Every structure is written in C-alpha cells, then in structure tokens.
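J.: Provided herewith is a single structure, encoded as structure tokens, for subsequent inquiry.
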Amino acid sequence: MTQPIAMTELWRGPLLESLHLGHAMICDDSGQIVQSWGDPDVTIYPRSSAKMIQGLPLITSGAAAKYGLNSEHLALACASHSGAHIHTDRVTAWLDHLGLAEHDLRCGPQEPEDMAARDGLILADDTPCQIHNNCSGKHCGFLTVAQHMGAGPEYLEIDHPVQQACLSALEDTTGETSPAYGIDGCSAPNFATSLAGLARSMAWFASAADRSDRASDAAQQLTAAMIKHPELVAGENRACTELMRAMNGRAAIKTGAEAVYVAVIPEKRMGVALKITDGTTRASECAIAAILVHLGVLEAEHPATRKFMNAIQYSRRGIECGVIRPAPGFPG
C-alpha cells in the first residue's frame, strides 16, 4: 500500500465531519518494518521529531561532558517547549553558563504557548524574545557544540560543523542518505528522510542499551532525559508531556510540526514514526496514542489518553458535541 490511509476521525452528531489520512511505521531493532500503514518510503521533513537525533552530537562531541550538562539540559535540547518559566529560566541559565546571551541564539522570537508566561509578558508590557522560542533548548545545544568545536557563531549555516554533525547523525541512524533539506520554523536546517528511515532511527534509539559505542550511549542518555523530564520536553496539557507521564517511563515520544510524531520504546526495542498528510496536530496526537495503545505501552482508558484519543469534544457551554477517535481498522 502506497496511499495514505484513514487514521483519525472527527464526528459531530451523526456525521463524520473530518477525516485525516496518514502514513505510519513500526520498526524493530534490526531496522525491519514490523507493521506499516500507508507508504513506508514517503519522504518527509521530520521537523521537531528529529530533535533527539540533532541532540546526539551534543554528547558524542564531548561538549555535554565538558560543560557539565545534566539530564535537564538534555531534555531541553530535545524539547519543543511551551515557553513556561520552567523552560525559559533553564534556557537563560544555560546561556549564562556558556558565557552567552539571548542575542547569540538564532531561533527568532516566539510568543509562549504557556498562558501564564504569555499573560506575564502582557502585564509587564513586554514582548517575547528568542528564549521563549519553543526550540531555544535545541539551539542552546547547538551553541554548546559550536563553542566546544571552536566553530563560528552562525551555527545554522548548512556547512557549519554543527549542522554537518546533525546531518551525519540523521544519516547514520536512519541508514539513508538525506535527499534534501528545508528550513524549519526555528531557522535551522531540517534534513528530509523517509518515514521508514525515521522509524528505523527511533528503533536504533530504543535498542541503544544493546550496544556499547559512544553514539548508543548518547542515545540512551537522551531517551532517559526525555522520560525523566516530560514537563521540559513540552509542557503542561501538551500531548508529549501527558502521554509520557501516563506511560510511566515505558516510552519517549516527540511531536514535530505538520503532524509528525515519533516514539522510542526501549522495552520492545521498537521505534515508531507517523505523518498525517494534512498536517493536523490533533490527528497525529490521536494516531500516536492509538499506536501506543496497540503496542501495549499506554492504557486506552487513562485520563491522559482520553484527552487525545476517543476524546469527547464539548461546546463552549460544556455540551458534548463530538469525538476525535481512530478511524475503523487503525491501527488494527
């Protein structure tokens, strides 16, 4: 099957109001596809779902050890955070530790998703800065590697050693040559790969404990950091944070813009990658929850699961009016 399949439905009353199609893969520790829906060879931009891959050079280069980074730093390097104080305070402290400041970032300003942080800026008659950018932790990681390498400050240039290290990490873990790159929302290069390649990379992360090389040790550290600090990876009421908490350490998951999602499941030595073709986040959140339930690492009736899968929709008066649910037959 090469066409996208129905993955997520939105029902309102007796009518199917919206239908979201997509592709998804599960790979095992040998890199083989265990189960697939749609086209495993579809080429995508992984967007922020690749942050743990982009975080590998932070450890393998020796930069994390040199600057004494801990698991909170590593979780932030993998994060698409909400810009809450628990995120921005740590990013500020990280920059200060490097002897750098907000102006050294190259991610651009972004209004925080966290409502308290957003309201605080409004009340202070202040504007968002680059530290509020959901990718500021990843960019601190880039700056740390650049400083460790003695490379230049324009760490987003495609030929900069930091980005070349990220490209190597992606190609090494996917087992593929990236065919292209685009510019992500945070201005960083985002290297394309097949969806099966992305799932293969996540399975490589999931099976890292079976190997003893430096890259695999880095993969274990990044996965463990995400699982230990789900609140830093996203934020309160966010799917990544709530579903990781619900799984109680059994998996690390990460969203990416335009409805990409990945999962690293160490106990099963499996990796998951999915892409909703219309780019709708609610659909990718439902689909990843459905796959995690299918694999037995997430409880279908957990309150966090029910926020994203089989999620009742309400009117602004609190009247039940619809449901977001997996399409019939998915994931099987």
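The values are calculated or read from the model by the stated rules, or taken from the named source; none is laboratory data. All of these numbers come straight from a predicted model, not from anything done at the bench. No Cβ is skipped: glycine too gets one built from the backbone with ideal geometry, and neighbour counts run over all protein chains shown. Calculation scope for accessible area: heavy atoms of the full protein, side chains included, ligands and nucleic acids excluded. Shrake-Rupley method; radii C 1.70, N 1.55, O 1.52, S 1.80 Å.
J.: Over the chain, what is the relative contact order in whole percent, taking alpha-carbon pairs under 8 Å and six or more residues apart?
T.: Dividing the mean separation by the residue count of the chain yields 23 percent.
J.: State the percentage of accessible surface on the chain attributable to carbon and sulfur atoms; use a 1.4 Å probe and exclude ligands, DNA and RNA.
T.: Ligands and nucleic acids excluded, carbon and sulfur reach 50 percent.
J.: Could you tally the net charge around Cys186, taking each other residue with its Cβ under 9 Å from the Cβ of Cys186, Lys/Arg +1 and Asp/Glu -1?
T.: Net charge in that neighbourhood comes out at +1.
J.: Additional query: What relative contact order, as a whole-number percentage, does region 154-299 give when Cα pairs under 8 Å and 6 or more residues apart are counted?
T.: Computed value for region 154-299: 18 percent relative contact order.
J.: Next up: Please compute the contact order of region 178-227 in relative form: average sequence separation of alpha-carbon pairs under 8 Å and at least six residues apart, divided by the residue count, as a percent.
T.: 21 percent
J.: Using the crude model of +1 on Lys and Arg Cβ and -1 on Asp and Glu Cβ, and no other charge, please compute the dipole size for region 174-300 relative to its Cα centre, in debye to 20.
T.: I would put it at about 220 debye.
J.: Two decimals is fine: what is log10 I(q)/I(0) at q = 0.15, 0.22 Å⁻¹ for region 211-271, from a Debye sum with one equal scatterer on every Cα and no solvent?
T.: Reported log10 I(q)/I(0), two decimals: -0.45, -0.89.
J.: Strictly under 4.7 angstrom between C-beta atoms: which cysteines of the chain have no such partner?
T.: Flagged as lacking a Cys partner: Cys27, Cys78, Cys129, Cys140, Cys166, Cys240, Cys286, Cys321.
J.: Quick one: accessible area per residue over region 167-317, 1.4 Å probe, rounded to a whole number of Å²?
T.: Dividing the accessible area of region 167-317 by its residue count gives 38 Å².
J.: Please work out the Cα center distance from region 71-100 to region 211-247, rounded to the nearest Å.
T.: Result: 15 Å between the Cα centres.
J.: Continuing with the same structure: Would you mind working out the magnitude of the charge dipole of region 216-274 relative to its Cα centre, with +1 at each Lys and Arg C-beta and -1 at each Asp and Glu C-beta, to the nearest 20 Debye?
T.: 180 debye
J.: If the elastic network links every pair of Cα atoms under 10 Å, which of Met149, Met52, Met226 fluctuates the most in the Gaussian network model of the chain?
T.: Ranking Met149, Met52, Met226 by mean-square fluctuation puts Met149 first.
J.: Here's another thing I want to ask about it. Find the percent of Cα-Cα distances in the chain that exceed 38 Å, and round it to a whole number.
T.: 12 percent
J.: If you don't mind, another one. Using packing as a proxy for protection, rank 205-213, 230-238, 304-312, 264-272 so that the peptide with the highest average count of other Cβ atoms within 10 Å comes first.
T.: The most tightly packed comes first, giving 264-272, 230-238, 304-312, 205-213.
J.: What does the charge add up to near Thr144, with Lys and Arg as +1, Asp and Glu as -1, over the other residues with Cβ less than 13 Å from its Cβ?
T.: The answer is 0.
J.: Taking the Cα centre as origin and putting +1 on Lys and Arg beta-carbons and -1 on Asp and Glu beta-carbons, what dipole magnitude results for region 63-124, to the nearest 20 debye?
T.: Rounded to the nearest 20 debye, it is 240 debye.
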